[in-house]
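These notes concern the structure reproduced below.
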Amino acid sequence: MRTAAYAQPEGGDRGARQYTANCSGCHGADAKGGDKAVAVATTLSLMTLSDAELARILHDGTSEGMPPFAQIGDANIAAIVRYLRTLEADSLPAAAEHSVVSPAAAALLGQVDVKQNDLLQPQLARNWVSYNGDYTGRRFSGLTQITPANVSHMAAQWVFHVRDPGPLEVTPLVAAGVMFVTSANDVYALDAKTGRRLWHHARAVTQGLVDDAANHHNRGIAILGTRIYMETDNAHLLCLDARSGELLWDVLYATGNRNYGATSAPLIVHNKVLVGTSGGDDGVRGFLAAFDANTGKEVWRFWTIPAPGEKGSESWPGDAYLHGGGTTWMPGTYDPALNTLYWGTGNPSPDYDGSVRPGDDLFTSSLLALDPDTGSLKWYFQYSPHDLYDYDAVQTPVLVDATFRGRPRKLIVTANRNGFLYILDRTDGKFLFAKQFADLQTWAKGIDETGRPISAGLVPDQQGVRVCPAAGGATNWFSPSYNPATHMFYFRSLEACAIFRSKTEPFEEGSSYYSTGTRLAPGDSTKGYINAFDLNKLDFVWRDPLVGANKGWGGVMSTATGLVAFGDDAQNFVVLDGHTGKALWHFHIGQLVHASPMSYAINGKQYFAIAAGTDLFAFALP
């Protein structure tokens, strides 16, 4: 804020006095949000309301819980509205800043125009236009310049540093030679050839958030036409002009619980921007929402926790459904031929206390198949019914067309956090196959013929019970990859066990809702691996242990020349032979990798890019 008018309401300003007396306790002294309500000075959907509409809201209240203030009189309501307009005008520069675009940068940026058909590309080549590269989630690049024979000559081309409060988790996007990178609430446009900054849209991080959102993680943008879309840490969907960084619109899409946040990258399907939230460990109600890419108007919303009377509501007595978790905090995938979205959901909340949420806890720890036009549910598959161990199912559901047991099928392949790899028929959700990949796995005795786990009966209590995998899972959000040439599915896994403890605790806004927690058992440690699963053999071909202390959480990608690239646990960017797992090349980045790599090309030259720490690195042949 450039002025402090709101900080001294006793100075005779009627609107400031009335706002302080009636509104600041919920919306904050500066109207940028408080413990109980959203920002009213920086939320575009509120800022664009007319004075009469704002006055009506103040007079009548809202169905979301804001009480009416008719009793203070129309004159005082009008004074508050006038005062809010002064705060809005003062807030705009602090809420969003962008760099002036030079003529040279404008020439490059002017080529950015991603069409719907670009999002439907059957194989990735020079551009990488969505979080996983394409709709399948395979993270497979068709570029062939870098091969097992020459990868040893690859070298760093440029490094770009961002301002960020923690390790980057972003996968950059590249279109027409321009790279888009996010860092917390900031967006950068870079020359993908040189790393030169073209523009920077800055937005302050949000204070007072909970858990993952408080770490301001951001995994990237979505792009369509000349616009880019980003989720902010406090669950706003921003639309920016890709050529200038100018803010076009700003929609707050999660209200009613201050524990909502957002950490994902959006996905665009049919001119709709699909977004979810974080907060599954913090007592929010999960959903997936679709917004019109042009206007920001909400098109549909699918709630992952059913309301009373809906299918699955028996698990959520009273108002437990409002705090049931099941957030959609990673991007899904999409099959255009079947016109179906596939989206994983997070764990139920509270995490470790199942006594307050009896039954299967639909639709948590599940894979949802949704109609992208209406948001209606086609089918679901629940990996971990009545999850007691924080086994989110947001891992990328990878779409594979392959021969399965002698028959061509449309498959989904997923390595789940619970320690099992699953293959489903994506036309109807039928369970086809599961195989345990975690050596340390004690929570289930196996998977039955329907795909349902056979529980080992390990229930967290106040004394604690040892369970494997640990709460971090046998894998997590980091990206897998599938190479149709090798028929192999590559992914990172973890081996660890933990003591799980549980005690019934009340939900409280502003606090996490684990009820209670976990710790490593004496003598236990965590070990990481890169795995290669052959879909023809339905077995693992190789499994390489990772060097280091397992503090990096990076995903993998593969290429048409049989390479597998990832960041390891010893602060290296590594390339392996995808057939054998043999290391071919590495570069010591010197920072932990919490992101997944991507590949792109400019004028026929292939690059790899990966984020590590607070830097973005690009590599290519000389």
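The values are calculated or read from the model by the stated rules, or taken from the named source; none is laboratory data. Owing to the predicted nature of the structure, the values given are computational and were not obtained by experimental measurement. All Cβ positions, even for glycine, are placed from backbone atoms using ideal geometry, and neighbour counts span all protein chains on display.
Key figures for this structure:
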| read-out | value |
| --- | --- |
| Pair list, Cβ under 7 Å, 6 or more apart: segment 159-181 residue touching a residue at least 24 places away in the same chain (Cβ under 8 Å) and more than 19 Å from A104 (Cβ to Cβ), other residue part of a loop (DSSP other than H, G, I, E, B) and charged (D, E, K, R) | E169/R219; V170/R219; T171/R219 |
| Selection from segment 571-590 of residues that are free of Cβ contacts under 8 Å to residues at least 40 places away in the same chain and either over 25 Å from the mean Cα position of the chain (by Cα) or part of a strand (DSSP E or B) (or both) | N572, V574, T580, K582, A583, H586, H588, G590 |
| Count of residues meeting criterion [in contact (Cβ under 8 Å) with a residue 24 or more places away in the chain and part of a strand (DSSP E or B)] in segment 248-286 | 14 |
| Residue match in segment 591-602 (condition: surrounded by fewer than 21 Cβ atoms within 10 Å (Cβ to Cβ), part of a loop (DSSP other than H, G, I, E, B) and more than 24 Å from the chain's Cα centre (by Cα)) | no |
| Flag for G578 being on the phi > 0 side of the Ramachandran plot, in the same structural domain as N132 (by TED's automatic domain parsing) and touching a strand residue (DSSP E or B) at 6+ places or on another chain (Cβ under 7 Å) | no |
| Selection count where residues are within 20 Å of D186 (Cβ to Cβ) and surrounded by fewer than 24 Cβ atoms within 10 Å (Cβ to Cβ), scope segment 268-292 | 0 |
| First in segment 95-115 and within 24 Å of T232 (Cα to Cα), second anywhere and at pLDDT 90 or above and in a helix (DSSP H, G or I), Cβ under 8 Å, 6 or more apart | V101/L109 |
| Identity of the residue in segment 6-18, within 10 Å of Y83 (Cα to Cα) and in a helix (DSSP H, G or I), that ends up modelled with the lowest pLDDT | Y6 |
| Any hit, segment 84-103, residues being modelled with pLDDT of 80 or more, more than 22 Å from A293 (Cα to Cα) and over 31 Å from the mean Cα position of the chain (by Cα) | yes |
| M330, sole failed condition from (1) surrounded by 24 or more Cβ atoms within 10 Å (Cβ to Cβ); (2) hydrophobic (A, V, I, L, M, F, W, C); (3) touching a residue at least 60 places away in the same chain (Cβ under 8 Å); (4) within 20 Å of T516 (Cα to Cα) | (4) |
| Any chance A307 is part of a strand (DSSP E or B) and modelled with pLDDT of 95 or more | no |
| Failed item in (1) surrounded by fewer than 17 Cβ atoms within 10 Å (Cβ to Cβ); (2) at pLDDT below 80; (3) among the aliphatic types (A, V, I, L, M), with A21 passing the rest | (2) |
| Number of positions in segment 362-374 that are touching a His at 6+ places or on another chain (Cβ under 6 Å) and part of a strand (DSSP E or B) | 0 |
| Selection count where residues are touching a Pro at 6+ places or on another chain (Cβ under 6 Å) and in a strand (DSSP E or B), scope segment 433-451 | 2 |
| Among (1) in contact with a helix residue (DSSP H, G or I) (Cβ under 7 Å, 6 or more places away or on another chain); (2) of a type outside the set (A, V, I, L, M); (3) touching a residue at least 60 places away in the same chain (Cβ under 8 Å) - the single one G245 does not satisfy | (1) |
| Looking only at segment 124-146, and only at residues there that are at pLDDT 95 or above and touching a Gly at 6+ places or on another chain (Cβ under 6 Å), the one that is surrounded by the fewest Cβ atoms within 10 Å (Cβ to Cβ) | Y131 |
| Scope segment 375-432; condition assigned to a strand (DSSP E or B) and of a type in the set (G, A, S); matching residues | A402, A415 |
| Any hit, segment 341-352, residues being on the phi > 0 side of the Ramachandran plot and surrounded by 24 or more Cβ atoms within 10 Å (Cβ to Cβ) | no |
| Conditions (1) free of Cβ contacts under 8 Å to residues at least 60 places away in the same chain; (2) hydrophobic (A, V, I, L, M, F, W, C); (3) buried (at least 24 other Cβ atoms within 10 Å of the Cβ); number of the one not met by A149 | (3) |
| Where a residue in segment 407-434 is within 13 Å of L538 (Cβ to Cβ) and not assigned by TED's automatic domain parsing to the domain that holds P484 and its partner, wherever it lies, is at pLDDT 95 or above and surrounded by fewer than 23 Cβ atoms within 10 Å (Cβ to Cβ), with Cβ under 6 Å and at least six apart | none |
| Check on T295, in a loop (DSSP other than H, G, I, E, B) and surrounded by 20 or more Cβ atoms within 10 Å (Cβ to Cβ) | no |
| Unmet requirement for A155, which otherwise passes all of (1) crowded, with 19+ Cβ neighbours inside 10 Å; (2) of a type in the set (A, V, I, L, M, F, W, C); (3) at pLDDT 95 or above | (1) |
| Candidate set from segment 246-267 (those that are out of contact with any Asp or Glu (no Cβ under 7 Å at 6 or more places or on another chain) and crowded, with 24+ Cβ neighbours inside 10 Å); member that is nearest to Q207 (Cα to Cα) | Y260 |
| The one condition in (1) under 22 Å from P469 (Cβ atoms); (2) assigned to a strand (DSSP E or B); (3) within 23 Å of the chain's Cα centre (by Cα) that K551 fails to fulfil | (2) |
| Subset of segment 510-533 (residues that are surrounded by fewer than 16 Cβ atoms within 10 Å (Cβ to Cβ) and in a loop (DSSP other than H, G, I, E, B)) | G510, S511, L520, P522, G523, S525 |
| Condition check for D292: in contact with a Ser or Thr (Cβ under 8 Å, 6 or more places away or on another chain), touching a residue at least 12 places away in the same chain (Cβ under 8 Å) and on the phi < 0 side of the Ramachandran plot | no |
| Residue in segment 300-320 that is surrounded by the most Cβ atoms within 10 Å (Cβ to Cβ), counting only those that are under 15 Å from N347 (Cβ atoms) and out of contact with any Ser or Thr (no Cβ under 6 Å at 6 or more places or on another chain) | I305 |
